[in-house]
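Worksheet: one structure, shown below.
Where a number appears in this text, it was derived from the coordinates with a stated rule and is not lab data. None of these values were measured; they are calculated from a predicted model. Cβ placement follows ideal geometry from the backbone for every residue including glycine, while neighbour counts extend to all protein chains displayed.
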Amino acid sequence: MATFTPFTQDELLAYFDRINYSQRDPSPSGLPAPTIENLCQLIVNHQQAIPFENLTIHYSSNHTIDIEPQALYNKIVLNRRGGYCFENNGLFARVLRSLGYKLWTGAASVVLEAKVEVQDGQPTIKAPPMTHQITIVQLPTTAQDGGDSEDRQDALWLVDVGFGGQTLPAPKMLVEHEITPGVRPEQFRFTRVHLASNVRQENPPYWLLEYRYKPDSPWMSAVVFDLTERSHADYYVANQYMSTNPESKFVKNVMMARLRRDEDGVLTRVLLLNDILKLRRDGETKLIQQFEREHERVKAIEEWFGIKLSEEDIGGMKGRSVALME
């Protein structure tokens, strides 16, 4: 594995400023302690301040996404941009490590269109290559989590701040079938499955994250993963494919998402896909705007996602398949 270089205290403070995070219980170091409570707050603040977005693929001169650690810090923290999974999760994992959280990063397959089927008597899902970055955090259980105060064991939690409109707004403990809330009234759960290629193994080694928009909606697949630790080289290859291959959904589309807290305190999701801007609140999706011209989309990106594109950035969109009329 690559050598880990922690953020300096000044870099962490700049990140906290970027996500509007106020420390409630700083440790002796002056930084937030590595607790589940602080993790929850960091996640929701991150997703409100830092959008999921693939703008660099389209609105830039070189159309290249650099996932080197310092490049991520410069882009997201200093230049106040967002990013897609390798960027958001890459930066966030480094922040958590720097704060003392025990974790490793892994990889997942995105299975939004896949359904679980029974094959040879086993729950099975067909999954594409693992092109999504995730983080697994290890934390002691508490009484609230179901742990015995006298005999606590570490629990594993999925942390993912880079999955677009289905991103978990909180860490999710790896417990099968336990339903937890998302952005209300969303729900998430884990089930254990085999991949179609290894169904003959005795125990399902993979975790499938499922979600539904409302308690009476059908469950849908999100990502499937195992607990193997991955290296930066794994993400480098996947990033190259997802950001440059003409068949990649990120090359074919302009995609953005962020959490937004309304004036009444309700947490919502703001979603942009190509020429459509929507708001999802209380399980209902409302059309905000449909863009006809490029300047309309650029204006909405600044107003709803806090990203101001330069003239050079905007010029990079010319001639691309997802460009709108000038």
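Please provide three numbers in whole Å: the alpha-carbon extents of the chain along the principal axes, with the largest listed first.
Principal extents (largest minus smallest coordinate, Cα): 62, 54, 44 Å.
Along the charge dipole of the chain, pointing to its positive end and built from +1/-1 on Cβ of Lys, Arg, Asp and Glu, which listed residue (Ser231, Pro205, Leu273) has its Cα farthest out?
Leu273
Which FRET efficiency, nearest 0.05, do Asn62 and Thr8 yield, Cβ-Cβ r, R0 30 Å?
Plugging the Cβ-Cβ distance into 1/(1 + (r/R0)^6) gives 0.55.
If I stretch the segment between Asn74 and Arg293 completely, what's the gain in nm (0.36 nm per residue apart, minus their alpha carbon distance), one decimal?
Using 0.36 nm per residue and subtracting the Cα-Cα distance, I get 75.8 nm.
Answer with one residue from Ala14, Ser29, Ser243: the one whose Cα lies farthest towards the positive end of the charge dipole of the range 9-317, charges on Cβ with Lys, Arg +1 and Asp, Glu -1.
Ranked along the dipole, the leading option is Ser243.
Where nothing but the Cβ of Lys and Arg (+1) and of Asp and Glu (-1) is charged, how large is the charge dipole of the chain around its Cα centre, in debye to the nearest 20?
The dipole magnitude comes to about 520 debye.
How do Phe52, Phe305 line up, fewest other C-beta atoms within 10 Å first?
Phe305, Phe52
By count of other Cβ within 10 Å, fewest leading, how are Asp17, Asp264, Asp10, Asp275 ordered?
Asp264, Asp10, Asp17, Asp275
Going by average Cβ neighbours within 10 Å, how do the peptides 291-297, 177-183, 127-133, 45-51 rank, with the highest at the top?
45-51, 127-133, 291-297, 177-183
Explain nothing, just the number: dipole magnitude of the range 91-136 about its Cα centre with +1 on each Lys and Arg Cβ and -1 on each Asp and Glu Cβ, in debye rounded to the nearest 20.
360
Taking the Cα-to-Cβ direction at Glu113 and at Ala196 and moving 7 Å from each Cα, how far apart do the two end points lie in nm?
1.2
Determine the relative contact order of the chain: mean sequence separation of Cα pairs under 8 Å and six or more apart, normalised by residue count, in whole percent. Don't jump to the answer; show the numbers that get you there.
Details: 616 pairs, mean separation 59.1, N = 326.
The value is 18 percent.
Go ahead and estimate [θ] at 222 nm for the chain from helices alone: -39,500 (n - 2.57) per DSSP H run with n ≥ 4, summed, over the residue count, rounded to 500.
Here the helix-only value at 222 nm equals -7000 deg cm²/dmol.
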